[in-house]
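Since the structure comes first, as structure tokens, the remarks are kept for the end.
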Amino acid sequence: MESEICVVIPAYNASLTIHKVITGALKHCPNVIVADDGSDDNTSAVAERAGARIIKINQNRGKGNALKLLFHSASKQGYRAVISIDADGQHAPDSIPSFIDAYLKHPDSIIVGSRMNERNKIPRARLNSMKIANFFSSLASNQPLEDTQCGFRLYPLSVINKLRLTTEKYVTEAEILIKFGDSGGQIRFVNIDTIYNDSGSHFRTIEDFSAITSYVIFYITFKWLIEGVTPNKANTYYPGNIVDRLSNKGHLSLVIKIIAVFTCLPIVALFLLEYILLSPFLNIFASVQRAGYGYTKIAVATFMLPITLIITLINNLLNALGFRVRLVDKIIEIFYPEIR
């Protein structure tokens, strides 16, 4: 089975950590491919010496682009699945057998590493952003998601090849889960160690989280627009649907996403009115009704997003000044609980 799976590693300036990651992965899987995403150091040379095959990207274009190149390369080489692992040493390669075991039981599912069993090790600001992302991504993908921000995953390539991926950077990982889940696919989780080391992550909490949130808002706006006029339709994604078509319009796509973000509050209010008036008679917003969470709570959580962002900025400023405050924690607990 290991011959059908390869480990793929997007890497950027990871020369200090990638050797250990590759040698650890090779203990459990004989095939490792690294995409060097325009590194300024000798990441490629270190990775090649460690035993990986290298895809060299001349200019840094972000994790999403690197993943798509790795998926394409693995597909061309005949692999049936890939295990993605980060190059910074924050994923333990010894967890790879857990992913393979889950894949053998559920070969059509995406398997994601979950750090929620050791959430006390996750930095507070990162954990809060993860909880908000988990909340809305769970709604968009029609199922509870434990850890949407973990890059340690197993992807069946038959699944990836059915999706039209249009985003870049860290947003791509969220896009995959949402589109796969919203097409009826099952996303499963395996517990992994929570590791935060001194190598540092390239994930920028405010900037990248905002990009992910913007995409999720854009996606879910059109998802609920479809569900609001089509009874009994919880799964709205198929390749080439309205979200894909609007995402392939160049600068117009950016304009549409900006409009969706800035108009999401009145749109959600209109959806709430429609839900209150019509859901007793029609099974509209079928995914919301299936979740059993209630659209009113979802609307309130959406209305709280800009307030939460402002309070987060204040919280970060106070912490930078030496005050140890947790203004955001209670808001997250109240408005963005885990959807089960």
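The values are calculated or read from the model by the stated rules, or taken from the named source; none is laboratory data. Here the structure is a predicted model, which means the values were calculated and not measured. Neighbour counts run over all protein chains shown; Cβ positions are idealised from the backbone, glycine included.
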Hits in the range 44-68 - residues which are within 25 Å of the chain's Cα centre (by Cα), in contact (Cβ under 8 Å) with a residue 24 or more places away in the chain and buried (at least 18 other Cβ atoms within 10 Å of the Cβ) = GLY62, LYS63, GLY64, ASN65, ALA66, LEU67, LYS68
Out of (1) surrounded by 17 or more Cβ atoms within 10 Å (Cβ to Cβ); (2) modelled with pLDDT of 90 or more, the odd one out for ALA291 is which?
-> (2)
Within the range 117-141, of all residues that are surrounded by fewer than 21 Cβ atoms within 10 Å (Cβ to Cβ) and free of Cβ contacts under 8 Å to residues at least 40 places away in the same chain, the one farthest from the chain's Cα centre (by Cα) is ASN120
Matching residues in the range 143-154 - criterion: being crowded, with 24+ Cβ neighbours inside 10 Å and more than 11 Å from the chain's Cα centre (by Cα) | LEU154
Assess whether ILE220 counts as being in contact (Cβ under 8 Å) with a residue 60 or more places away in the chain, assigned by TED's automatic domain parsing to the domain that holds CYS264 and over 21 Å from PHE71 (Cα atoms).
-> yes
Can you spot a residue in the range 164-180 that is part of a strand (DSSP E or B) and under 21 Å from LEU70 (Cα atoms)?
-> no
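Kindly indicate whether LEU305 is at pLDDT below 90, crowded, with 16+ Cβ neighbours inside 10 Å, closer than 26 Å to LYS223 by Cβ and assigned by TED's automatic domain parsing to the domain that holds LYS233. Walk me through how you get there before you give the answer.
Values: at pLDDT below 90: yes; crowded, with 16+ Cβ neighbours inside 10 Å: yes; closer than 26 Å to LYS223 by Cβ: yes; assigned by TED's automatic domain parsing to the domain that holds LYS233: yes.
Considered against the rule, which asks whether it is at pLDDT below 90, crowded, with 16+ Cβ neighbours inside 10 Å, closer than 26 Å to LYS223 by Cβ and assigned by TED's automatic domain parsing to the domain that holds LYS233, LEU305 comes out as yes.
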Restricted to the range 190-234, and to residues that are touching a Cys at 6+ places or on another chain (Cβ under 8 Å) and in a helix (DSSP H, G or I), which residue is modelled with the lowest pLDDT?
-> ILE217
